[in-house]
Every structure is written in structure tokens, then in C-alpha cells.
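Okay, so here's the structure we're looking at.
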Amino acid sequence: MEDTVTTFKQITATFKGEKYSVQDAQNFDILVIKHIQDSNHENNTVVQIPLREYMAIRGKKSRTSTTRSLEKSLKNLLHLSVSYNSKYGDDDKKHFDQSFGGMNIFQDLDYGITRPGYVTANFTTRANQLITQRAMPMPYHKLLFRLNPRTEAPSFYILRRVLENKITNYGEQRADRMKIATLLKDCPAIPSYSKVMKGNKNVNARIIQPFFTAVERLKEAFDYSYITKDGKPFDYEQGVTYAEFSEAELVIISWHNYPDYFAKSIKNARKRYLKAKRTKK
């Protein structure tokens, strides 16, 4: 099987197979989260998750179908290699956002081989250093892992993007609002405007309605509304042009079960780090 190389923003990923799927992304995030939760994660590169716990996280019922899809996904992730070019270059002030070259993530990755009934992941030393010492942790919502990777991919990409925006701008007004155009740009499961216009030109059916449906699925995670670029209520049920739609903003009114305590600790840790760097100068 040939390697596939894909680039998203400053990240370049190399993996086996035709694509890096939503399920692969869900499983990767689960493994990183479980690794971070290990109090000895800086020294221990191995993570083990019982299948029963994994199924609970993913909201799965069938052990047979779960193990089948899990084994396929783990094979994809085992060959994952990532490089990153930070837009800040080598600026030491951006400790959580620094470049790195091509890096394998896992040394070993399997289900049931290393330990029967368990997912076992062994991170490479370099990846472990990056995850535990340089990466900025991100609070996740449990719904992210329960979304169906085949039928609810747009919802996955949108939820992950608003979670990323939340922690990046935590404590600021913009933490809970994003332009629809930005969300669409980071949602490969919904076709771009240019692609649709080269085809049947049905923007409403292929972009606008799928986006509204995807956000509606996220009611379990947050309450929301839409506003126009002028800050007025956005009555999308009355029909809108693509320009009105793309220029509008998604506003999250309130989150359900968002780990604010964790987000606050991340923000405070970032402040302490930057203060310590300024003091040393």
C-alpha cells in the first residue's frame, strides 16, 4: 500500500492508505488523552485501554464490529508521520507552537496482541516529548468521540474546530463565536463553494443545509444561535444567499459539560510559563 501525503495549514501528515479518516482522528485523540491522563506520562510511553472502556468512550454496542473497525484504524495510525511548520518560526515565546520535522508517532500499536482485550499504544520517544512537554492540551467534549465517522463527519470537524477555538481564546468573547466561512474552510466533509459551482451549483443542498444539519447535531454539546456580520439575529429558516450565510457567525450561548476547570488550569499554566520567561530576561 502506497503512502499518502496530505497538508492542512502548517501540518503535513504521511500515512498508509487513501485517507486519514474521521475514525482515525477520533482514535488518535483518545490515545493522546489517555496518555496525558497518566501521571507518569513523561517517563511512560505506553498506553493501554480496555476494550470495554474504549467502547464506552465511542458509544459502541457491538464488540465484533468495534474490534474490526478498530484494528483497521490502528494499522493506519501505526504508520502515521507528522511534520509541522509553525507560523512563528523559532520564536521561543511560543513554547506551545514550535516547528518540528517528520516524526513517527507510534513505535507499536495493536489491539489484543500485546495484552488480550486491550488497545496498546507505545509512543515514540520524540512524540512523547512533544505531547507531554511542548503541546498545549485541549479539553474535549465526549460527544466528539460518539459521532458516527461515516454519517456525521461534518459535525465532527465543526465540533473539533470550535473546541480548538475555545481553548485558544479561552476567557475572551471570541472563544465562543466563529465565522461560518472559517468553519467551512476547516470542514473537508462539506464541499467548497468553488467545487459546487463547478458541478450542479446547488449551494443550498450541498453546503448550507448540510452545515445547519451538522450544527444541529451538536445540541448535546452546546446551545447556539447565528448572527449576521452586522451582529443582528440571523433568520436562516427564511432562506439565505450564500454570501449572507458564509459571512454570518455561529455563536455558542452555553456549553453542556465543558471542562472549564481544565481549560482554566491550561490558561493559568500558559500565563505562568510566559511570566517565567519574561522574568529570566
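The values are calculated or read from the model by the stated rules, or taken from the named source; none is laboratory data. Just so it is clear, the model here is predicted, and its values are computed rather than measured. All Cβ positions, glycine included, derive from the backbone under ideal geometry; neighbour counts span all protein chains shown. All accessible areas refer to the heavy atoms of the entire protein, side chains included, with ligands and DNA or RNA removed. Shrake-Rupley method; radii C 1.70, N 1.55, O 1.52, S 1.80 Å.
The table below lists the values:
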read-out	value
When residues of the stretch 240-262 are limited to those that are closer than 17 Å to Glu216 by Cβ and not aliphatic (A, V, I, L, M), the one surrounded by the fewest Cβ atoms within 10 Å (Cβ to Cβ)	Ser254
Boolean, Ala221 is open to solvent by less than 40 Å² (accessible area, probe 1.4 Å) and either charged (D, E, K, R) or farther than 15 Å from Ala181 by Cβ (or both)	yes
Residue tally, condition open to solvent by less than 30 Å² (accessible area, probe 1.4 Å), under 17 Å from the mean Cα position of the chain (by Cα) and among the hydroxyl-bearing types (Ser, Thr, Tyr), over the stretch 116-151	0
Failed criterion for Gln107 (all others in (1) in a loop (DSSP other than H, G, I, E, B); (2) open to solvent by 80 Å² or more (accessible area, probe 1.4 Å); (3) at pLDDT 80 or above hold)	(1)
Odd one out for Lys277 among (1) surrounded by 11 or more Cβ atoms within 10 Å (Cβ to Cβ); (2) at pLDDT 90 or above	(2)
Those residues of the stretch 36-67 which are within 22 Å of Phe156 (Cα to Cα) and of a type outside the set (D, E, K, R), in sequence order	Ile36, Tyr54, Met55, Ala56, Ile57, Gly59, Ser62, Ser65, Thr66, Thr67
Residue list for the stretch 180-203, restricted to those being surrounded by fewer than 20 Cβ atoms within 10 Å (Cβ to Cβ), part of a helix (DSSP H, G or I) and either over 16 Å from the mean Cα position of the chain (by Cα) or touching a residue at least 60 places away in the same chain (Cβ under 8 Å) (or both)	Ala181, Tyr193, Ser194, Lys195, Val196, Met197, Lys198, Val203
Sole exception among (1) open to solvent by less than 20 Å² (accessible area, probe 1.4 Å); (2) touching a residue at least 60 places away in the same chain (Cβ under 8 Å) for Tyr226, by number	(2)
Boolean, Arg177 is more than 22 Å from Asn27 (Cα to Cα) and open to solvent by 70 Å² or more (accessible area, probe 1.4 Å)	yes
Residue match in the stretch 163-177 (condition: closer than 14 Å to Phe211 by Cα and at pLDDT 95 or above)	no
Residue satisfying all of: in the stretch 30-68; assigned to a helix (DSSP H, G or I) and either closer than 14 Å to Asn128 by Cα or modelled with pLDDT under 95 (or both); most open to solvent (accessible area, probe 1.4 Å) among these	Gln37
Inter-residue pairs, beta-carbon under 8 Å, first on the phi > 0 side of the Ramachandran plot and in the stretch 246-265, second buried (at least 19 other Cβ atoms within 10 Å of the Cβ) and at pLDDT 85 or above, 6+ apart	Asn257/His141; Asn257/Ala221
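Residue by residue, here is whether (1) within 22 Å of the chain's Cα centre (by Cα); (2) over 27 Å from Leu144 (Cβ atoms) holds:
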site	(1), (2)
Phe211	yes, no
Glu216	yes, no
Tyr226	no, no
Asp230	no, yes
Pro233	no, yes
Gln238	no, yes
Leu250	yes, no
Tyr258	yes, no
Lys271	no, no
